[in-house]
Amino acid sequence: MKSADIRQAFLKFFEEQGHTVVSSSSLVPGNDPTLLFTNAGMVPFKDVFLGRDPRPYVRATSAQRCVRAGGKHNDLDNVGYTARHHTFFEMLGNFSFGDYFKREAIRFAWTFLTETLGLPKSKLWVTVHISDDEAERIWKDEIGIDPERFSRLDEDNFWQMGDTGPCGPSSEIFFDHGPEVWGGPPGSPEEDGDRYIEIWNLVFMQFDRDASGTLNPLPKPSIDTGMGLERVAAVMQGVHSNYEIDLFQNLLAAAAEVTGFNNTENPSLRVIADHIRSCAFLIADGVLPSNEGRGYVLRRIIRRAIRHGHTLGAEGPFFHRLVDALDVEMGEAYPELREAREQIARVLLKEEEQFARTLDHGITLLETALDKLEGVVLPGETVFKLYDTYGFPYDLTADVCRERGVQLDEEGFKRELDAQRERARAASQFGAEASINIELEGKTDFTGYEQLEDSAQVIALMDSAGNELATLKA
Ligand code: ATP
Ligand code: MG
Ligand code: MG
Ligand code: MG
């Protein structure tokens with residue numbers, strides 16, 4: 001079954017169960033400043049769950065484009081290293097706004113998996129929240145799940161969109177890819193392996209968490225589910241990794257062509273094939289690379305892709321050349337991508353040209369520092385210099401270090417940032433113009449003037465979890 005057929009089968013199944021098919025919203029959440037990007041299918045329905053946005057339906061289904069590269073759900077560091085994480089992916093979901101609850105949600109999911117998709121029951125594993133007797137009873141007594149493939153878990157089974165917003169206990173369904181793959185069942189010490197891959201999460205939405213952390217009951221218990229299209233495609237296509245599905249094989253082939261590096265199992269090539277999707281869709285949704293907020297996250301992802309291309313030996317700009325291949329794979333399902341493809345390629349090319357100027361120097365500096373390093377922690381000053389002078393986001397340096405088994409001195413890095421902020425503040429008593437000049441002059445000594453364009457405007461910086469580390473007003 002191709003990805004497109006799975007998407008279609010899912011929407012049709014839920015439409016037949018009385019759900020209204022709602023099209024994917026933008027990756028930039030409509031009116032939610034608490035959230036960086038749409039990170040789940042429920043995001044466009046947040047206010048519906050909260051009872052603030054009445055709709056003419058109580059059941060909905062969607063295939064929602066999602067990005068998890070910052071904020072509460074951040075998978076950036078996993079990409080290329082696990083078989084199942086992307087920065088961009090599609091989440092298939094069904095939603096009940098105060099209509100059906102646990103019983104129907106569990107039954108719908110089980111019927112779709114075992115009947116519509118025809119997955120063997122013996123390959124499925126289920127977890128529920130540690131406190132959830134009701135869900136356990138439904139799974140065991142009504143569905144007849146084998147108790148051998150069932151467990152109760154704590155944090156993993158409490159789902160929340162972000163630090164605030166709708167949340168509730170959940171039930172996760174896993175697919176067992178078999179003993180050839182390393183990993184243990186959910187809750188076991190080896191659960192981080194990729195043998196048991198979570199495919200579907202059913203959330204029993206019951207609360208709205210407010211800024212003080214208090215859980216306030218929702219107007220009515222509701223249902224939010226999310227199933228990763230790429231993970232299910234892997235299952236249906238009889239492959240283990242998401243990167244082996246139809247769509248990714250073609251993107252990997254394109255990445256191999258533009259980088260001149262031909263091994264589609266290489267993590268760097270996978271990172272590139274992954275990142276073109278998030279970057280292209282973010283640009284199509286109106287995000288542009290910049291030094292703050294969403295634009296900075298986009299810039300981080302683009303630079304990460306460029307750096308990986310560089311390690312594979314790509315010469316000159318290559319990343320923007322993947323837009324056509326992506327359009328072939330996804331342009332039909334997403335007309336907004338097709339329409340924006342020239343603009344996307346232009347934005348990426350510009351970013352590639354801009355970053356190329358400093359990438360070589362920065363990499364050389366980093367490699368030298370790593371070669372000379374005694375111990376396993378890269379000093380904060382080096383991380384800061386790379387960031388400040390060469391435009392290396394923190395997590396790009398972390399990415400290189402990870403490949404070498406080296407940790408970063410995050411505290412030292414933050415101290416450097418604070419010191420720089422202090423200098424900027426001190427300078428600002430001379431007025432904005434003067435402060436920029438002083439900042440530039442102050443650094444001209446060791447950087448060369450040209451490379452400073454970027455650092456002069458740096459405003460916000462986030463760590464790999466998307467938390468803001470510091471704000472700089474240079
Ligand atoms: P995992 O534990 O594997 O990181 P999760 O519990 O964080 O997944 P949910 O927040 O429950 O994921 O999201 C619902 C579904 O979306 C998951 O069951 C999975 O199928 C899919 N999904 C989640 N994160 C990703 C990702 N980074 N890439 C691809 N699919 C994903
Ligand atoms: Mg996760
Ligand atoms: Mg999980
Ligand atoms: Mg989950």
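The values are calculated or read from the model by the stated rules, or taken from the named source; none is laboratory data. Every value quoted in this text rests on a predicted model; they were computed, and no experiment measured them. So basically every Cβ, Gly included, is an ideal-geometry build from the backbone, and we count neighbours across all protein chains shown. Ligands, DNA and RNA are excluded from the accessible area calculation, which covers all protein heavy atoms including side chains. Shrake-Rupley method; radii C 1.70, N 1.55, O 1.52, S 1.80 Å.
Assorted remarks:
- Every residue from the range 361-384 that is open to solvent by 20 Å² or more (accessible area, probe 1.4 Å), part of a helix (DSSP H, G or I) and without any contact (Cβ under 8 Å) to a residue 40 or more places away in the chain: 364, 365, 367, 368, 369, 371, 372, 381, 382
- No other residue among 80, 93, 51 is closer than 30 Å to residue 293 by Cα, in contact (Cβ under 8 Å) with a residue 40 or more places away in the chain and more than 21 Å from the chain's Cα centre (by Cα) apart from 51.
- Single match in 34, 38 (criterion: modelled with pLDDT of 95 or more and among the β-branched types (Val, Ile, Thr)): 38
- Residue selected from the range 184-228 under the condition among the hydroxyl-bearing types (Ser, Thr, Tyr), within 24 Å of residue 35 (Cα to Cα) and open to solvent by 20 Å² or more (accessible area, probe 1.4 Å), by the criterion nearest to ligand 3 (Cβ to nearest atom): 214
- Positions within the range 126-171 being surrounded by fewer than 21 Cβ atoms within 10 Å (Cβ to Cβ) and within 15 Å of ligand 3 (Cβ to nearest atom), in sequence order: 130, 151, 152, 153, 154, 155, 156, 158, 160
- Residue check: residue 17 meets all listed conditions (1) in contact with a strand residue (DSSP E or B) (Cβ under 8 Å, 6 or more places away or on another chain); (2) of a type outside the set (Ser, Thr, Tyr); (3) free of Cβ contacts under 8 Å to residues at least 60 places away in the same chain; (4) open to solvent by 10 Å² or more (accessible area, probe 1.4 Å) but one, namely (3).
- Of all residues in the range 63-76 being within 16 Å of ligand 3 (Cβ to nearest atom) and assigned to a strand (DSSP E or B), the one that is most open to solvent (accessible area, probe 1.4 Å): 74
- Some residue of the range 294-301 being farther than 23 Å from residue 350 by Cα and at pLDDT 95 or above: no
- Failed item, numbered, when residue 82 is tested on (1) surrounded by 16 or more Cβ atoms within 10 Å (Cβ to Cβ); (2) closer than 27 Å to residue 136 by Cβ: (2)
- Here residue 227 passes the criteria (1) modelled with pLDDT under 95; (2) within 16 Å of ligand 1 (Cβ to nearest atom) except the one numbered (1).
- Filtered residues of the range 27-48 (kept if open to solvent by less than 10 Å² (accessible area, probe 1.4 Å), more than 16 Å from residue 293 (Cβ to Cβ) and not hydrophobic (A, V, I, L, M, F, W, C)): 41
- Annotation: residue 207 fulfils all but one of (1) in a strand (DSSP E or B); (2) closer than 28 Å to residue 1 by Cβ; the unmet one is (2).
- Of the numbered criteria (1) outside any strand (DSSP E or B); (2) under 17 Å from the mean Cα position of the chain (by Cα); (3) polar (S, T, N, Q), the one residue 212 fails is (2).
- On inspection, residue 236 passes the criterion of being at pLDDT 95 or above and more than 16 Å from ligand 2 (Cβ to nearest atom).
- Residue selected from the range 84-127 under the condition touching a strand residue (DSSP E or B) at 6+ places or on another chain (Cβ under 9 Å) and of a type in the set (Lys, Arg), by the criterion nearest to residue 59 (Cα to Cα): 102
- Residue list for the range 232-260, filter: farther than 16 Å from residue 83 by Cβ and crowded, with 19+ Cβ neighbours inside 10 Å: 254, 255, 258, 259
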